[in-house]
Structures are given as structure tokens and as C-alpha cells.
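The next block holds one structure in the form of C-alpha cells; read it before the comments.
The values are calculated or read from the model by the stated rules, or taken from the named source; none is laboratory data. Remember, predicted model here, so these are calculated numbers, not experimental data. No Cβ is skipped: glycine too gets one built from the backbone with ideal geometry, and neighbour counts run over all protein chains shown.
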Amino acid sequence: MSGVVLARGIDAEELALRMGGAPGAGTEPITDAEVSELGMEVYRPGGRGDGVVRVGEHAGWAFAIEYGDSTGGDRLEEISRDGVEAIHYTPAMEHPPAIVIYAHDGRHVCGFGLCEEHIRWGEKPDLLLPDLVAAGILHPDGDTYCDPCPDDYITRRRSALAVIEERFGLSLPPALLTGARLTAYAVSGTPDMTTEDPDFDVVCDWATANGYPLPSGRLRLIPYLIRLAYRHATSH
């Protein structure tokens, strides 16, 4: 997962389209683990890599889970047009920090990095400052921390995320992000979104004989790296 986009005011399919997906091009529902079986080339020299999203809806928000070279950070103005609210979360461990950006009606309203909440930007950079103060993260001046030297940055990040969740009424269970079967769309590059390989049995037999892990039998898809190895080994 490379990011999460949430939108209030449109459904999941419209969110996928605003992120660059094609109408009617969604796959059958797949899990987080099954995304790896799609043909994605995340980095492509001289061009845009492949990006895929799995989309769904929960508690009044549409959401898109991003994989690869996705488009959430580039298309927030488009996603949030016509009165829609949109939030983009880009995870990271420490530095650069995980980023949260809130957009509304085609405008970037505010954003900040988790554990770097004193650096805020957007048309209304202090929109969430009262919430950050109430949560005991920042002092009212917006520049100094209540705890300037926290020992547990994981807890600090969770506190900042809790501010976002409470302010906007978000509640995405982790199991929904990973285990739920959701429709997937290509949003950038040229990923192979095929959900059944006609030569699945042949390649699967070759993979088994050559010590590769068995592909999923449910989707009947050959993972991209196994297919590359098969093509290399069987090409003449």
C-alpha cells in the first residue's frame, strides 16, 4: 500500500474515475494480497510507473487504497471538485514523515506531516490547529509541542491520526483495508489488470517444478515476476 484516499460526496466508482480509472474497467473484487498478482511495473524509466487502486465505501466515505505509482497526491483538486471532501494519507515510518492532506471543493485546504504538525500548509493551514491543541500535541501558538521530545513516535503519530479521524468521522478498520475483497482499477501506467490467465495451469506446473511459490488458485493469476521468469526460461 502506497497511500489511502478518502472522499465524502461521491461513491467508490466515481472516486476511481477521478483518480484516472476508466469507466467499466474495474476488476472482480480482490484482496490486498492479490494485488501482487496483477502485472504491475511500479518504476518505468522515462515514464510513469503503474498505479492501481482498490476502492470501497465505509461509514459515508468512499476510499481508495493505492498501490505502486498511484495518483492520489496528484489529483486531489480533481477528486474534491464540486463540493466533495477528500483526504489523502501517505504512510511513512519517520522522515520524510507520513503526510495527511485535506482538500475540499477543488482546493487544498490544509496539510501536515505526522510528528511535524508545526509545519502546516494550504489555504487554511490552521484549520485543525484547535484539534491538535485539544489533543495535547501542540500549544495554541501552533509552533511548540506539548511534549517536545517524545519517546514514542508511534504513539505520537497515532494521536495525530486520531485527530483526523475524530474531526472527519473516519473509521476504516485495518481488516477492511487488507482482507476485504474490493474492485480494483488501473489509474496510471499500463498495468495488466487481467484476473484470469488462460495458461494458468501450464505456468503453475512450471512454477511448482522450479521451486516458485504456488499462485492463488482463486484468481487464477500468475504473479508478474513468476510470469517473467517463465517467459525467460521458455523463450527460444
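Of all residues assigned to region 76-89, none qualifies as being surrounded by fewer than 20 Cβ atoms within 10 Å (Cβ to Cβ), more than 11 Å from the chain's Cα centre (by Cα), outside the structural domain of residue 224 (by TED's automatic domain parsing) and free of Cβ contacts under 8 Å to residues at least 12 places away in the same chain. Among the conditions (1) without any contact (Cβ under 8 Å) to a residue 60 or more places away in the chain; (2) touching a strand residue (DSSP E or B) at 6+ places or on another chain (Cβ under 7 Å); (3) surrounded by fewer than 17 Cβ atoms within 10 Å (Cβ to Cβ), residue 45 misses just one, which is (2).
You will find that of 33, 25, 103, the residue that is under 21 Å from residue 167 (Cβ atoms) and of a type in the set (Gly, Ala, Ser) is 103 and no other. Consider region 146-167 and keep the residues that are in contact with a Leu (Cβ under 8 Å, 6 or more places away or on another chain) and under 19 Å from residue 86 (Cβ atoms). The one that is surrounded by the most Cβ atoms within 10 Å (Cβ to Cβ) is 160.
Looking at the structure I just gave you, is residue 49 in contact with a Ser or Thr (Cβ under 9 Å, 6 or more places away or on another chain), over 29 Å from residue 158 (Cα atoms) and not hydroxyl-bearing (Ser, Thr, Tyr)? So residue 49 fits the description; yes. For region 115-130, the set of residues classified as closer than 16 Å to residue 89 by Cβ and either surrounded by 14 or more Cβ atoms within 10 Å (Cβ to Cβ) or of a type in the set (Ser, Thr, Tyr) (or both) consists of 115, 116, 117, 120, 122, 128, listed by residue number. At least 3 residues being modelled with pLDDT of 95 or more and within 13 Å of residue 183 (Cα to Cα) is the threshold, and among the strands (runs of 3 or more DSSP E) wholly inside region 1-115 those reaching it are 51-58, 61-68.
Among the residues in region 129-140, are any assigned to a loop (DSSP other than H, G, I, E, B) and acidic (Asp, Glu)?
No.
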